[in-house]
Amino acid sequence: MRYRRIVAKFGTSLLTAGSDRLDLEAMSRLVGQVVRLRAQGCHVVVVSSGAQAAGRHRLRGRLTGGHVLSRQAIASVGQSHLMQSWDELFDWHDTVVAQVLLTRRDLSDRLGYLNARNTLRDLLESGAVPIVNENDAVALDAVLATRIGENDSLSAYVANLIDADLLVMLTDVDGLYDSDPHTNAAAKLISRVERIDAEIEATAGGTRGAGTGGMVTKLRAAQIATQAGVDVIVTNGDAPDALVAAAAGEERGTFFPSGADRLESRKRWILGSINSEG
Ligand code: GLU
């Protein structure tokens, strides 16, 4: 494998296969790929969305008296179901998983950052697969200021945190296009982005589907990660070997080569927390 330390971000629309519930078959294809990478000596951290979608589906018709749950509560229900699904699927491969829930506040605090980093490194050394999500129960709405916002940015912070050499954002489109491929049949895939500038940002479309991230958030994440010395790929997760191909260095989808030489850890922490502190 070309890359050894990889963050793999799975979006909601991929994990639900576009439906209103977790799709265990789609998840198990991703699990198979993570297991293959680990067998080749790669360290992989998964960033998994899907808690809210899973919670919404799980709660359907089960609440009494027309009670409407907050998104935090829905995500809490879904997160345990999401982890249970990951746990069972990885267990088929005799692989242990660990749940890591993070908020921006945890990462903008130096001690929190170091603790999260140590925990993730420890887990990777032990052979477990860390599965990260935002801690929606405390991060969503009510304390809006502490939200990372969506898992695209979270995955970039995590890549920074573990000194990853690759961040793969698996999604339900082939990558970044020069116009919206859903409305323009002539839209062309942009296979490589050397620099994220205003022109590239203008080509990124808005949010669609079940997830909260669109291309705009992926570009922001790519910017954070490449600045921290991490290569980034945005590619279609429907291809059964998408993650393995990305780790092997195949430039499918849109590739963002890392800009800077890897910054020293404390500088990367400052870079990663700039937006939250103003
Ligand atoms: N934390 C959210 C969830 O698991 C996902 C946020 C996102 O889709 O980026 O539902």
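Given the options Val158, Val77, Val168, state which has the largest fluctuation in a GNM of the chain using a 10 Å cut-off (strictly under) for Cα springs. Judging by the Gaussian network model, the answer is Val77.
Scoring 10-21, 221-232, 104-115 by mean Cβ neighbours within 10 Å over their residues and listing the highest first yields 221-232, 10-21, 104-115. Here the Karplus curve 6.51 cos²θ - 1.76 cosθ + 1.60, taken at θ = phi - 60°, turns the phi angles of segment 98-109 into couplings of 9, 8, 10, 9, 10, 10, 4, 4, 4, 8, 7, 8 Hz, with x standing for Gly and Pro. The calculated FRET efficiency for Arg60 paired with Asn236, based on their beta-carbon distance and R0 = 41 Å, is about 0.90. Between Ala202 and Trp92, the FRET efficiency estimated from the beta carbon spacing at R0 = 35 angstrom works out to 0.20.
Sequence-distant contacts, meaning Cα pairs under 8 Å at least 6 residues apart, place the relative contact order of segment 1-96 at 31 percent. Computed extension length for Gln40-Met1: 13.3 nm, one decimal, from 0.36 nm per residue of separation with the Cα-Cα distance subtracted. Remark on segment 1-158: Rg and Dmax equal 15.8, 55 Å (Cα only). Residues considered: Leu101, Leu22, Leu166. Largest GNM mean-square fluctuation over the chain, using C-alpha springs under 10 Å, is found at Leu101. Considering only His81, Val7, Ala185, the residue lying farthest towards the positive end of the dipole of the chain is His81, judged by Cα position with unit charges set on Cβ. For the peptides 124-133, 45-54, residues were scored by their other Cβ atoms within 10 Å and the scores averaged per peptide; the highest-first order is 45-54, 124-133.
Close amide H pairs (under 5 Å, H built 1.01 Å from N) link Ala98 with Val129, Ile131, residues at least 5 positions away or on another chain. Amide hydrogen proximity for Val232: with H placed 1.01 Å from N in the peptide plane, the residues at 5 or more positions away or on another chain lying under 5 Å are Leu167, Phe256, Ser258. In the chain, Cα pairs under 8 Å separated by at least six residues give a relative contact order of 23 percent. Placing a label point 7 Å from the Cα of Asp23 along the Cα-to-Cβ line, the residues of segment 83-108 whose backbone N sits under 18 Å from it are 85-86, 89. Helix-only arithmetic for the chain: the sum of -39500 (n - 2.57) across DSSP H runs with n ≥ 4, divided by the residue total, places the mean residue ellipticity at 222 nm at -13500 deg cm²/dmol.
Quick note: the coordinates plus some simple rules give every number you see, no bench work behind them. It should be emphasised that the depicted structure is a prediction, and the values quoted were computed from it without experimental measurement. Ideal geometry is used to build each Cβ from the backbone, glycine not excepted, and the neighbour counts take in all protein chains shown.
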